[in-house]
1. Would it be correct to say that I51 is modelled with pLDDT of 95 or more, surrounded by 13 or more Cβ atoms within 10 Å (Cβ to Cβ), under 17 Å from the mean Cα position of the chain (by Cα) and within 30 Å of P71 (Cβ to Cβ)?
2. Could you tell me whether segment 28-42 includes any residue that is part of a helix (DSSP H, G or I) and of a type outside the set (S, T, N, Q)?
3. Please give the number of the condition I47 fails out of (1) within 19 Å of L81 (Cα to Cα); (2) part of a loop (DSSP other than H, G, I, E, B).
4. Please find, among A60, A90, the residue that is outside any loop (DSSP other than H, G, I, E, B) and either at pLDDT below 90 or loosely packed, with under 10 Cβ neighbours inside 10 Å (or both).
5. In a helix (DSSP H, G or I), among the basic types (K, R) and at pLDDT below 90: does that describe K83?
6. Restricting the first residue to segment 20-44 and requiring it to be without any contact (Cβ under 8 Å) to a residue 40 or more places away in the chain, which pairs with a second residue that is of a type in the set (G, A, S) and assigned to a strand (DSSP E or B) meet a Cβ separation below 7 Å and a spacing of at least six or different chains?
Amino acid sequence: MLVLSRKINQSIMIGEEIEVVVLEIKGDSVKIGLKAPRDVAVYRQEIYLEIKAENERAAAAAPSVSGTTVPSAGALLKQALGKPEIPPPAR
């Protein structure tokens, strides 16, 4: 893990398109802002893990029809909301 120190209004670039900005520091809480292209999915970790778990449960229970799997409820919801599928974490 890369650890960096930043002050309020300072930022960190991830690649050429994602900027993380420190907006506010209050006690043990840090408010950050993210500037990223709309096609980049950004989730709080706990939400990401819930979506991933639901997708895995749905994929395990989904019936197969002529070699294709029925989309999970999470995938259909993200499609309806216009959010891209969450890629699996790098291992």
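The values are calculated or read from the model by the stated rules, or taken from the named source; none is laboratory data. Model, not experiment: these values are computed from the prediction. All Cβ positions, glycine included, derive from the backbone under ideal geometry; neighbour counts span all protein chains shown.
1. no
2. Taking every residue of segment 28-42 in turn, none turns out to be part of a helix (DSSP H, G or I) and of a type outside the set (S, T, N, Q).
3. (2)
4. Every option except A60 fails the conditions.
5. The answer is no for K83.
6. So the pair list comes out as V20/S11; V21/S11; V21/G33; L23/G33.
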